[in-house]
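Just below is one structure, and these are the notes that go with it.
Every number here is computed from the coordinates shown, using simple stated rules; none is lab data. Please read all numbers here as calculations on a predicted model, not as lab measurements. Because the Cβ atoms are built from the backbone with ideal geometry, glycine has one as well, and the counts that use them run over all protein chains shown.
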Amino acid sequence: MRQCWSQVKRTLRSTFHLLNTFGLDESNLTSLNATLPVAQYLHRTGHDLLSQDTPFNILNAERIRRWVIAALLNQVFGGSSDSTIAVARRVIDQVDPGTDFPFAALNAELSRHLKRSSAFDDSTIDAVLSLNYGHKLTYLALTLLYDEHRWGTTPHHVDHIFPRAVLSRTALMNLNVPQSKIDELQRLENRFGNLQLLSASELFNSWIRTRDSGFMARHSLPEGEHLQTTLMLPKFIEERERLVRARLRRLQFDPELDYGRKSA
């Protein structure tokens, strides 16, 4: 460690700079152990994926992004983390310089070791949809709904689609909404299906006026004016979660397939 400390230090810095671009920081990095396979890969291969200036760098940065977020959501490194780290290390040890981040091999070996999936399967998607406003992983999970990759370079915040103001008890009572319906609507207020990411400049008053089909698609929002009223929030959440589930299912596959489809 002493003999190669300079390289180790550079690798660790590169690792955390890369993770920062994904929106990972001390507020949502719930397991430092999840960073170790990434650091080991960058150390073994000598790659600097931060620039993302080549197809190789772009693809492998995306492989790492998906793998790390899935590992955090699936709590891959909780519990017996020492043995889990050892499994991941053996996979990375097989990587030669110049080769891709072993996205599929890591998921296969870790799933075998954990006796449950470490990748994005339906149970992971269920876990995502159960996240609420204020949870440490909600921001990261929301980034997976968008094509953007560099979340650490432009500040974004988690915002409600149906804002809190219109779902307050007072506002709903002023609409003569029955008490049972008020309780139902307020239970849905902070659900994942009522959340989106907006840049610092996209405040509610501005984005609400630009909800064209492009905006709706970008945020995985269901179209139809009949869904955009407060009392239709339960149906809106149901339709939004259907779109979110379809969007997240593509993460079950190697991101190279996504790039192949886009270029086809």
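Annotations for the structure displayed:
- Residues 139, 41, 133 arranged by fewest to most Cβ contacts within 10 Å: 133, 139, 41
- Helix 103-114 axis, angle to the chain major axis (alpha carbon atoms, nearest 10°): 80 degrees
- Entry note, the chain: the mean residue ellipticity at 222 nm calculated from DSSP H runs of n ≥ 4, each adding -39500 (n - 2.57), is -15500 deg cm²/dmol after division by the residues and rounding to the nearest 500.
- Ordered by the count of other Cβ atoms within 10 Å of each Cβ, fewest first, 115, 9, 181 give 115, 9, 181.
- Cα-Cα pairs of the chain separated by more than 35 Å (percent): 23 percent
- Amide proton proximity set for residue 161, modelled H, under 5 Å, gap of 5+: 195, 196
- Counting only aspartates and glutamates at least 8 places from residue 9 when in the same chain, those with an alpha carbon closer than 14 Å to its own are 48.
- Inverting the pair-averaged 1/r between distinct Cα atoms of region 65-133 gives 12.7 Å as its Kirkwood hydrodynamic radius.
- Magnitude of the charge dipole for region 1-52, about its Cα centre and with charges confined to Cβ atoms of Lys, Arg (+1) and Asp, Glu (-1), is about 300 debye.
- Built amide H within the under 5 Å cut-off of residue 23, gap 5+: 151, 152
- Normalised by 2.2 N^0.38 Å, with N the number of residues, the alpha-carbon radius of gyration of region 5-119 equals 0.99.
- Ranking of 67, 151, 5 by neighbouring Cβ atoms within 10 Å, starting from the fewest: 5, 151, 67.
- Kirkwood hydrodynamic radius of region 103-191, from inverse mean 1/r over distinct Cα pairs, in Å: 16.2 Å
- Protection proxy ranking of 23-30, 56-63, by the mean of other Cβ atoms within 10 Å over each peptide's residues and highest first, is 56-63, 23-30.
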